[in-house]
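Here, each number is a calculation from the coordinates, and none is a lab measurement. On a predicted model such as this, the values are computed, not experimentally measured, just so you know. Virtual Cβ from ideal backbone geometry, glycine too; neighbours counted across all protein chains shown.
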Amino acid sequence: MDEDSSTIARQFFDAVPHAKALGMQVTRIEDGHAEIAMDYDERFVGDPETGVIHGGAVSALMDTCCGAAALSHPDSGGSTATIDLRIDYMRPATPGQRIRAVAECFQVTRSVAFVRGRAMDEDDDRPVATATGTFVAGDA
Amino acid sequence: MTQMQPEPVQVIKQRRDAALKALVEGVPYSRFLGVEFDRRGDELTAIMRFSDSLIGNAALSALHGGATAAFLEVSAIIGLSWSLLWDDIECGALDPDALVRGDLPRLPRTVSFTVDYLRSGLPRDAYARARINRSGRRYASVHVEAWQDNRARPFAQATGHFVMPRGDG
């Protein structure tokens with residue numbers, strides 16, 4: 001990551017306390033693309049019997065990553081809020097592994113940014129979850 | 001013919017509250033978010049106490065969309081699990097002490113969850129109630145609404161589909 005993007009990443013987390021609370025790490029925010037990872041943490045477990053991370057924590061990661069992708073799109077207007085977000089859970093994330101989300105803002109109109117995302121654990125070929133969302137764009 | 005005496009109210013309440021507490025506290029992520037549940041009969045209201053760590057936009061002091069989504073999902077899963085457990089709690093088939101010892105029932109698994117953000121989440125406590133629209137042998141569909149100051153002005157709503165735990169109903 002070059003210096004510009006790491007500054008953006010740092011500013012992003014200073015502005016988003018909840019992402020910091022979940023220990024998220026930005027690896028990319030530029031040009032409508034974002035990549036954010038979240039380490040395995042026992043506090044985020046949803047099913048104590050299996051140790052699988054709660055869907056809510058995956059949702060929080062996806063919302064953050066999709067929002068970051070929308071925000072970084074050149075036409076987005078510099079601030080954003082989620083309008084709606086749908087998450088499909090393909091399979092439980094493997095306990096102990098970090099989860100990495102990637103998102104792409106593939107279209108921006110005057111008022112809406114359209115984003116899709118994907119979350120993976122260490123097995124890149126079988127996504128844990130996918131997301132589709134719309135975000136506020138422009139000076140709404 | 002002799003009629004059975006109804007159980008004393010405190011015995012019933014103690015059993016229901018113990019089961020609910022065990023169910024909620026058994027999920028580490030609910031504790032992390034600071035979600036509690038208020039019970040009136042079988043009706044649950046989820047409460048997410050405001051904390052600075054839930055903020056998603058420091059400039060506006062707005063709740064993070066992810067925190068709101070997670071709150072709704074916790075409310076939906078606990079609401080659905082509670083409705084599945086209710087009959088067993090009532091007839092005494094489910095032993096709340098076993099729950100407290102960590103012998104938790106398997107929880108429903110989320111298939112999909114769609115959140116609509118209706119208003120910006122304020123830096124205040126949030127409440128949510130889940131309504132189970134369908135609860136079948138294999139799948140369930142649950143709708144959740146969350147509000148802050150005014151019950152009639154929800155700030156977010158969600159619909160989730162869940163796969164039922166095996167061996168239940």
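Things worth noting here:
- Structure remark: mean-square fluctuation, Gaussian network model of chain B, C-alpha springs under 10 Å; the largest value among B:Val27, B:Val11, B:Val35 belongs to B:Val11.
- Local charge for A:Gly32 was computed over the other residues whose Cβ lies under 13 Å away, with Lys and Arg +1 and Asp and Glu -1, and equals -3.
- Remark: mean inter-chain Cβ contacts per residue of B:58-65 equal 5, using a 10 Å Cβ-Cβ cutoff to other protein chain atoms.
- Fully extended contour minus Cα-Cα distance, from B:Gln3 to B:Arg106, at 0.36 nm per residue: 33.4 nm
- Within 10 Å of the Cβ of each residue in B:152-163, the mean number of Cβ atoms contributed by other protein chains is 1.
- Average beta carbon contacts from partner chains per residue of B:27-38, 10 Å cutoff: 5
- Counting Cα-Cα pairs of segment A:3-136 in 5 Å increments starting at 0 gives whole-percent bin shares of 2, 12, 22, 23, 20, 12, 6, 2, 1, 0.
- Expressed as a fraction of 2.2 N^0.38 Å, the value expected for a compact globular protein of N residues, the C-alpha radius of gyration of segment B:22-109 is 1.24.
- Based on every Cα atom in the protein assembly as shown, Rg and the maximum pairwise Cα distance Dmax equal 20.1, 85 Å.
- Relative contact order of chain A: 23 percent, from C-alpha pairs under 8 Å at least 6 residues apart in sequence.
- R0 of 35 Å, Cβ-Cβ distance B:Lys13-A:Glu122: FRET efficiency to nearest 0.05: 0.15
- For peptides A:54-64, A:110-120, sequence by mean Cβ density within 10 Å, most packed first: A:54-64, A:110-120
- Dividing the Cα radius of gyration of chain B by 2.2 N^0.38 Å, with N the residue count, gives 1.11.
- Peptides A:45-51, A:69-75 ordered by average Cβ neighbours within 10 Å, highest first: A:69-75, A:45-51
- Spatial separation of Cα centroids for segment B:86-103 and segment B:35-49, in angstrom: 19
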